[in-house]
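The values are calculated or read from the model by the stated rules, or taken from the named source; none is laboratory data. Since we're looking at a predicted model, the values are computed, not measured. Glycine gets a Cβ as well: all are built from the backbone with ideal geometry, and neighbour counts include every protein chain shown.
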Amino acid sequence: MVNKSSRNMIILLILTLISLVIVAFNLVNDAYIIIALFAIDFMIVGIAATAIIYPGLSFKKLIRKFILIIIFGIIFSLISTVVMLNMLDVSVGNIVLTLSVISFILLLIAILRKRRIGNSDKISQKSSDKQGISKRDNIDNSGSEEKNTPIPRTIFAICVLCIASLIGMEVPPFSIIPLWFGLCVPFIVFIPGYYLINIVLPRKDEIEFYERVGIAVFTSLIITSLIGLIYVQLNHMLNMRHVSMVVVLFTLFIIVPWYIYRLRKIDVRDRFSSRKTNILLILITGIVIVCVIGSGVYSTTQTVDQGNTTFVIEGINKTVDENGYCNFTNGEVVNSTFTVTNNEHKAMNYTVKVEVHNDSVDNVLSEETFSLNDGESITRPVNMTMGLGQKDIQYVLYTGNNTPYIIRHLYANVSEEY
């Protein structure tokens, strides 16, 4: 029989479904109605997320956790905005669409959790007496009850996995072969979310294993998306290798210490632990270590293409004289272009300066900074008007520092006529 709390959740589920249909099929174009639907979904998604964490509370007690509901509403609204920013146009209607889908999923999980909690109440009640007797016996025998809270050995494997992944992503010679494509996958899709849900719900039987896995994947993708969005806002480009490194560092220095701190308060007999998941994570750690070491050995013993950048200047349709100079007339306009192609096997930041050097003055005609992903090219015009005298016009390419990476010279001899 469905209890009152579950009935309220089903009503919210129906409201979410109605909102989803209205927005998905554009049944209403009134902006005020769309905003009202957003407000409804905002509250529903907050209630659903809170219900997942507190499945045993009645609906009346649940809605009293107003601050938590608002926080979850803000979080999932931001997540919906990020999703729309990367997939569709950002609008209130599209945000409501994404928020409705998230609400629907969370409500289904909340309903399943409430039903499972309801079914397990009787079993818990029967076993409580036996546990109480056993606990009293332990207290009588030992004089005091002590919690058994050792650190799980798997967490050491995760730390090793993080360090090995960072080495494989960034430290030569281990990073010369682009292993990061594979090293980032466990962190993008599983590990941060898995330990984060175990921080929030550390005890066994609080949530089913498949629910943990689903929430872990969902949460990991959200963490990666948010870090990626922040990175784009700061650097005006998306570099997945750098984003992956931030996710790994976030796991190593925030999630892992938080998880260890949380488990120190939970007796080992009450903790959630999945033997198969632990074995899988240890196996992944072993594979990563072998791959990173193998990459370093291969890179130091074999000839590996370490990448390069091509820098081509075009548009100078002149022949050089016997002294190596191109002849121009005073006031002549030269329309040239430069093309930069990134073949470095990673994203690069470049700066191109066009400098004029002669006996009397050094001058910078133009300067441009840009970023290129691996395999990308960029072509830019450089227009200049020639003045009298001999000069060395330099097209200088920099790569993220003040040291020139490639220099192309145009030795010009400018006279009234030639």
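Read through the list (1) farther than 26 Å from L179 by Cα; (2) part of a helix (DSSP H, G or I); (3) touching a Pro at 6+ places or on another chain (Cβ under 9 Å), then give the number of the only condition that V297 fails.
Among (1) farther than 26 Å from L179 by Cα; (2) part of a helix (DSSP H, G or I); (3) touching a Pro at 6+ places or on another chain (Cβ under 9 Å), V297 violates only (1).
If I go through segment 361-418 residue by residue, how many of them are under 29 Å from M240 (Cβ atoms) and in contact (Cβ under 8 Å) with a residue 12 or more places away in the chain?
The number of residues fulfilling the criteria is 20.
Look through segment 171-197, keep the residues that are of a type in the set (V, I, T) and at pLDDT 85 or above, and return whichever of them is surrounded by the most Cβ atoms within 10 Å (Cβ to Cβ).
I191
Can you tell me which of I102, I155 is under 24 Å from the mean Cα position of the chain (by Cα), surrounded by fewer than 19 Cβ atoms within 10 Å (Cβ to Cβ) and at pLDDT 80 or above?
On the way: I102 fails: surrounded by fewer than 19 Cβ atoms within 10 Å (Cβ to Cβ).
Answer to the selection: I155.
Within segment 4-50, can you find the residues that are of a type in the set (S, T, N, Q) and farther than 24 Å from I215 by Cβ?
Matches in segment 4-50: N26, N29.
Take segment 198-214 and flag every residue that is at pLDDT below 85 and of a type in the set (V, I, T).
The one that is at pLDDT below 85 and of a type in the set (V, I, T): I207.
With the requirement that a residue be closer than 29 Å to G294 by Cα and among the small types (G, A, S), what does segment 194-225 give you?
S220
Please count how many residues of segment 229-265 are at pLDDT below 85 and either assigned to a helix (DSSP H, G or I) or in contact with a strand residue (DSSP E or B) (Cβ under 9 Å, 6 or more places away or on another chain) (or both).
10
Hey, any hits in segment 46-66 for a residue that's surrounded by 13 or more Cβ atoms within 10 Å (Cβ to Cβ), of a type outside the set (D, E, K, R) and either closer than 20 Å to I227 by Cα or in the same structural domain as L226 (by TED's automatic domain parsing) (or both)?
No, the conditions are met nowhere in segment 46-66.
In segment 29-45, which residues are among the aliphatic types (A, V, I, L, M) and either within 13 Å of F104 (Cα to Cα) or not assigned by TED's automatic domain parsing to the domain that holds L17 (or both)?
Of the residues in segment 29-45, the ones among the aliphatic types (A, V, I, L, M) are 31, 33-37, 39-40, 43-45.
I40, M43, I44, V45, listed by residue number.
Can you tell me which residue within segment 247-265, out of those that are surrounded by fewer than 17 Cβ atoms within 10 Å (Cβ to Cβ) and not charged (D, E, K, R), is nearest to the chain's Cα centre (by Cα)?
Step one: filter segment 247-265 for residues surrounded by fewer than 17 Cβ atoms within 10 Å (Cβ to Cβ), giving 249, 253-254, 257-258, 260-262, 264-265.
Subsequent filtering for residues that are not charged (D, E, K, R) retains 249, 253-254, 257-258, 260-261.
On the way: L249: 11, F253: 16, I254: 15, P257: 20, W258: 19, I260: 23, Y261: 24 Å.
Within segment 247-265, the match that is nearest to the chain's Cα centre (by Cα) is L249.
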